[in-house]
Amino acid sequence: MNVSYRWLRALRPGSSLSPEEVVETLALRGAPVESLVPLAVALEGLLVARVESVEPHPEADRLSVCRVDAGGELLQVVCGAPNVRPGGFYPFASPGSRLPDGTEIGGARIRGVESSGMLCSEEELDLGPDGSELLTLAGELTPGEPLAHVLGLDDWRLDVEVTANRGDLLSHLGLARELAAAEDGEVRLELVAGAPEVALELLSHESEVSAGGVIVRILDPDLCFRYLGAVVRGIRVGPSPAWLASRIRAAGSRPINNVVDATNYVLLELGQPLHAFDLEKLGGNTIEVRRAREGELIRTLDGVDRRLTKDMLAICDARDPVAIAGVMGGLYSEVTEDTTDLLLECALFDPKSVRATRNALDMSTDASYRFERGVDPEGMELAVRRAVEIILATGGGRPDPVILDVGPQRWSGMVVSLRPARVERLLGISLSKEEIGDLLRPLGFRVLAASGEEMEIAVPGFRSYDVLREVDLLEEVARAYGYDRFPEVLGPFRMGTVPDHPLFQLEDQVRDLMVGEGFLEAQTMSFAPKGEGEAQLSNPVSTQEDRLRTTLLPGLLRRVEHNFARGRRDIRLFEIGTVFLEQDGREAPREESHLCVVLTGNRAPLHWQGEPQAVDLWDVKGLLGRLVAGCRLEGAALAEGAPAEGLLLPEEGFTVADAGGGMVGYGGRVRSGAVDAPAWAGPMWGLEISLPPEPAPPAVRHYEPLPVFPGVDRDLALLLSGDVKARQVEEVIRNEGGPLLVDVQLFDVYEGEGIPDGHRSLAFRLRFQSDRRTLTDQEVERSVAGILERLREELGVEARA
């Protein structure tokens, strides 16, 4: 949120905090400031000038030759703006000064006429988008005044980071309240110069109110809890006075006219969104708050036609929608220079409804941003009276004596209990009831009772959205006490004895395994586009990612693209995350924990001793086998071929099947079109494994001493056809070898001279050993003969001569 330092100071009379101290104080109270910008620097050297005369340019129809008073001798300036007038005040860049974009202004000859300096538009001053005409300055001005002072920009702008639960900080008043609590001061609204004293009474009813020929009714009280309407007649719509325009500019907004600026002023000062309707444009002088009819159209203030649905709340006149509740007003009922009578809206809408409408229409406004986070239900009357006061001071007119107040659901306040003993237990500091009360009162809380072991605390309306429980009050006590004041000692605590869930333990072990393999862990979002997810989100953050992912691989591949874009070649990433699978007939999707791995580039870091070797299919197979064991997938086995439907090439991949034949993982080479890779990138490989929801306990390791009896090695050269796999041969050898066979190693593969076509030779080294005695040659030979016989019977494998 953009905040004006001088505005904060005006709300905090007597405050001595410098801009830097304000930044530090807000950060300590949970509202860090992302930037502090001195606004006057960009306008340094720019002045206020009065145009004394305007003459046509002798050589150009669209140019004018102006005589300009900038506080010294009159200067001749050539100007192409259509709104330049004698006697008008405009921003002026004299020769030698610079515009905010760094452009240096000098003297020039334009179509044969000398021009000294430049009259400026708001676009050239970086104050707004309008570059078609000069920025007209209003008020009592003196030629030669510094422009920054006249515009109210001799100020500092703070960009405050406000968390989603602290909607009360989306206003200068809310931030000033935090500063006042830190300084033991008070907060006071500024007096509005020229505002007449008026007495406005509330005319209230649960569903409908009418007065002065104006009707306000609420038809959907579940979405609109209260609606205030104030009528002001006989106003003059025009430019805002300097004090109001400067406040708006300092907060990063653009002045429009005195009525709109009054509503924006209250929004920025109090955090309450308001909207002004041209009363003559409201059909039947009626405001009706209701759900929109399916397909109703409204052209909003941004000139876009928007189609509404029956789930959206609309502000309507007697016929049609005139605003989207809590989001944006309609174009046809906006206040213009011709407006004389207006109706000022101040409402309390359901935050969920505003958020859903804003998401469905793919638009966000200052009003919706605040309504989504909750506005002060106790501050509505102050907001509407404040806006009426500013409108009367800047545009004249007379208000109707009553404020139309329709409130089907009145806010009745909230009381939360707080135990001082709980404060000491959780925060580690001992505070008395009086000290706790002194910490909470400056933040707007009231102590209703402090007898016994509990304190009864009344929660102010502006904190009614996030202070709901005792622990929320504890957080406020900690903030007010000051996080920097807590002792830097570790208090006594009791160690937990409940072990983590076996799945969590397995995830930690898999992380250790992956780090040992040289991989870095990544974390990606669970949201996915339609092709990568099944479960539909009811309130998506983005319309492009409106589902929950069913696989981790696409998201991790996007992180590879991110690394490619930054010149990284060797990439080894893994992620352990949750995927969401729809279940027939059930509303909630099934959640599974998956491990996903991506790698590309070289097998090992570059080294002077050898040439780099790229990762290949066998590296992937070896890694997949180690992960199957590390993930405790009991009875799982690898099979050739990746799934045909997916991101991997079936012919260069593997599938992991559990004991029942179901697929629990896969790995292989990623299809070339699945990744936006540069020309220099190597092949991309990916793996994904489903972790067991109830992992088997890890195998218990037992100590075994080294054998004292010698082992016997036998080498077997076997001839087998091309359709027999080495894995099949090894399984038969191990099964037939019995307990004396302690190890089997494949150490040679040969195809060529002396080997029949369609065959190959595999050489295995078998090691026989007993921990009780020395084996004889006869025992070993019997085992080898049995192995060869079984290979011949089951696989048709023969020993080579």
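Can you pull out the residues in the stretch 208-229 that are closer than 15 Å to F349 by Cα and not in a strand (DSSP E or B)? L219, D220, P221, D222, L223, listed by residue number. When the stretch 539-553 is filtered for residues that are open to solvent by 20 Å² or more (accessible area, probe 1.4 Å) and either of a type in the set (K, R) or within 20 Å of F519 (Cβ to Cβ) (or both), the ones remaining, listed by number, are R547, T551.
Scanning the stretch 463-507 for residues that are of a type in the set (F, W, Y) and either open to solvent by 70 Å² or more (accessible area, probe 1.4 Å) or at pLDDT 95 or above (or both) gives Y465, Y483, F493, F504. Checking G326 against (1) in contact (Cβ under 8 Å) with a residue 60 or more places away in the chain; (2) touching a Ser or Thr at 6+ places or on another chain (Cβ under 7 Å); (3) assigned to a loop (DSSP other than H, G, I, E, B), only one condition comes out false. Which one? Every condition holds for G326 apart from (1).
Got a sec? Which of A318, A314 is within 18 Å of E208 (Cβ to Cβ) and in contact with a helix residue (DSSP H, G or I) (Cβ under 6 Å, 6 or more places away or on another chain)? If you could, list the steps in order and put the result at the bottom.
Details: A314 fails: in contact with a helix residue (DSSP H, G or I) (Cβ under 6 Å, 6 or more places away or on another chain).
Of the residues listed, the single one that is within 18 Å of E208 (Cβ to Cβ) and in contact with a helix residue (DSSP H, G or I) (Cβ under 6 Å, 6 or more places away or on another chain) is A318.
Sort out which residues of the stretch 629-648 are within 20 Å of G555 (Cβ to Cβ) and part of a strand (DSSP E or B), and write them in order of number. Across the stretch 629-648, the qualifying residue is only L648.
Within the stretch 334-355, residues that are touching a residue at least 12 places away in the same chain (Cβ under 8 Å) and closer than 29 Å to Y465 by Cα have Cβ atoms under 6 Å from residues that are part of a strand (DSSP E or B) and charged (D, E, K, R) in these pairs: L348/R226, counting only partners at least 6 apart in sequence or on another chain. Determine whether the stretch 295-308 contains at least one residue that is assigned to a strand (DSSP E or B) and within 24 Å of L392 (Cβ to Cβ). No. Which one is least open to solvent (accessible area, probe 1.4 Å), of the residues in the stretch 728-748 that are closer than 17 Å to L795 by Cβ and polar (S, T, N, Q)? Looking at residues that are closer than 17 Å to L795 by Cβ and polar (S, T, N, Q), I get Q728.
In the stretch 605-627, the qualifying residues are those that are within 37 Å of the chain's Cα centre (by Cα) and more than 30 Å from P695 (Cα to Cα), and the one that is modelled with the lowest pLDDT is P605.
Taking the stated definitions as given, is G661 part of a helix (DSSP H, G or I) and exposed (fewer than 11 other Cβ atoms within 10 Å of the Cβ)? Step through it out loud before you land on a result.
Values: part of a helix (DSSP H, G or I): no; exposed (fewer than 11 other Cβ atoms within 10 Å of the Cβ): yes.
Answer is no for this residue.
Number of residues in the stretch 195-207 that are acidic (D, E) and part of a loop (DSSP other than H, G, I, E, B) equals 2.
Mind telling me which of the residues V560, V515, V510 ends up being assigned to a helix (DSSP H, G or I), within 30 Å of N602 (Cα to Cα), open to solvent by 80 Å² or more (accessible area, probe 1.4 Å) and not aromatic (F, W, Y)? Break it down into steps so the answer makes sense when it comes.
Values: V560 fails: open to solvent by 80 Å² or more (accessible area, probe 1.4 Å); V510 fails: open to solvent by 80 Å² or more (accessible area, probe 1.4 Å).
So the residue among V560, V515, V510 that is assigned to a helix (DSSP H, G or I), within 30 Å of N602 (Cα to Cα), open to solvent by 80 Å² or more (accessible area, probe 1.4 Å) and not aromatic (F, W, Y) is V515.
Taking the condition of being open to solvent by 20 Å² or more (accessible area, probe 1.4 Å), in contact with a helix residue (DSSP H, G or I) (Cβ under 9 Å, 6 or more places away or on another chain) and either within 21 Å of G601 (Cβ to Cβ) or aliphatic (A, V, I, L, M) (or both), how many residues in the stretch 681-700 meet it? Final tally of qualifying residues: 3.
Restricting attention to the stretch 304-330, which residues are open to solvent by 50 Å² or more (accessible area, probe 1.4 Å) and within 22 Å of N257 (Cα to Cα)? Within the stretch 304-330, just V304 meets the criteria. Looking at the stretch 590-618 only, could you name the residues that are under 30 Å from Q505 (Cα atoms), open to solvent by 40 Å² or more (accessible area, probe 1.4 Å) and of a type outside the set (K, R)? E591, E592, A604, W618 - these are the residues of the stretch 590-618 that are under 30 Å from Q505 (Cα atoms), open to solvent by 40 Å² or more (accessible area, probe 1.4 Å) and of a type outside the set (K, R). Tallying residues that are open to solvent by 90 Å² or more (accessible area, probe 1.4 Å) and touching a residue at least 24 places away in the same chain (Cβ under 8 Å) within the stretch 778-801 yields 2.
Applying a threshold of 8 Å to beta carbon distances and a minimum spacing of six or more residues, or different chains, the list of pairs starting in the stretch 513-533 at a residue that is touching a residue at least 40 places away in the same chain (Cβ under 8 Å) and within 22 Å of V628 (Cβ to Cβ) and ending at one that is surrounded by 12 or more Cβ atoms within 10 Å (Cβ to Cβ) and among the acidic types (D, E) reads E521/E575; A522/E575. Going by the structure shown, is Q536 under 30 Å from A360 (Cβ atoms), within 24 Å of the chain's Cα centre (by Cα), exposed (fewer than 11 other Cβ atoms within 10 Å of the Cβ) and not aliphatic (A, V, I, L, M)? Taking the combined requirement at face value, the residue does not satisfy it.
Looking only at the stretch 749-777, residues that are open to solvent by 20 Å² or more (accessible area, probe 1.4 Å), at pLDDT 95 or above and under 60 Å from the mean Cα position of the chain (by Cα) come to 1 in all. Please work out if L63 is assigned to a strand (DSSP E or B), in contact (Cβ under 8 Å) with a residue 40 or more places away in the chain, open to solvent by 30 Å² or more (accessible area, probe 1.4 Å) and under 30 Å from L189 (Cα atoms). The answer is no for L63. Among the strands (runs of 3 or more DSSP E) confined to the stretch 82-133, the ones with at least 3 residues that are farther than 20 Å from I248 by Cα and open to solvent by 50 Å² or more (accessible area, probe 1.4 Å) are located at 107-110. The number of residues in the stretch 50-94 that are under 14 Å from R109 (Cα atoms) and of a type in the set (S, T, N, Q) comes to 2.
Of the candidates I457, I403, the single residue that is under 25 Å from L175 (Cβ atoms), among the aliphatic types (A, V, I, L, M), at pLDDT 95 or above and in contact with a strand residue (DSSP E or B) (Cβ under 7 Å, 6 or more places away or on another chain) is I457.
Does F504 count as in a helix (DSSP H, G or I), of a type in the set (A, V, I, L, M, F, W, C) and free of Cβ contacts under 8 Å to residues at least 24 places away in the same chain? Before you say what the answer is, go through the steps one by one.
Values: in a helix (DSSP H, G or I): yes; of a type in the set (A, V, I, L, M, F, W, C): yes; free of Cβ contacts under 8 Å to residues at least 24 places away in the same chain: yes.
Answer is yes for this residue.
Residue pairs whose Cβ atoms lie under 8 Å apart, separated by 6 or more positions or on different chains, with the first residue in the stretch 741-764 and without any contact (Cβ under 8 Å) to a residue 40 or more places away in the chain and the second of a type in the set (S, T, Y), are D748/S761; V749/S761; Y750/S761; E751/S761; I755/S761; G758/S721. Checked against (1) within 25 Å of L127 (Cβ to Cβ); (2) assigned to a loop (DSSP other than H, G, I, E, B); (3) not charged (D, E, K, R), G30 passes all but a single condition, namely (1). Scanning the stretch 142-194 for residues that are aliphatic (A, V, I, L, M), assigned to a loop (DSSP other than H, G, I, E, B) and open to solvent by less than 30 Å² (accessible area, probe 1.4 Å) turns up L151, L153, V162, L170, V192.
Condition first: open to solvent by 40 Å² or more (accessible area, probe 1.4 Å) and not β-branched (V, I, T). Now tell me which residues in the stretch 31-46 satisfy that.
Quick first cut of the stretch 31-46, residues open to solvent by 40 Å² or more (accessible area, probe 1.4 Å) only: 32, 34-38, 41-42, 44-45.
Selection gives P32, E34, S35, L36, P38, A42, E44, G45.
The values are calculated or read from the model by the stated rules, or taken from the named source; none is laboratory data. Not measured: the values here are computed from a predicted model. When we count neighbours, we look across all protein chains shown, and the Cβ atoms used for this are built from the backbone with ideal geometry, even at glycine. Accessible surface areas use protein heavy atoms only, side chains included; no ligands, DNA or RNA. Shrake-Rupley method; radii C 1.70, N 1.55, O 1.52, S 1.80 Å.
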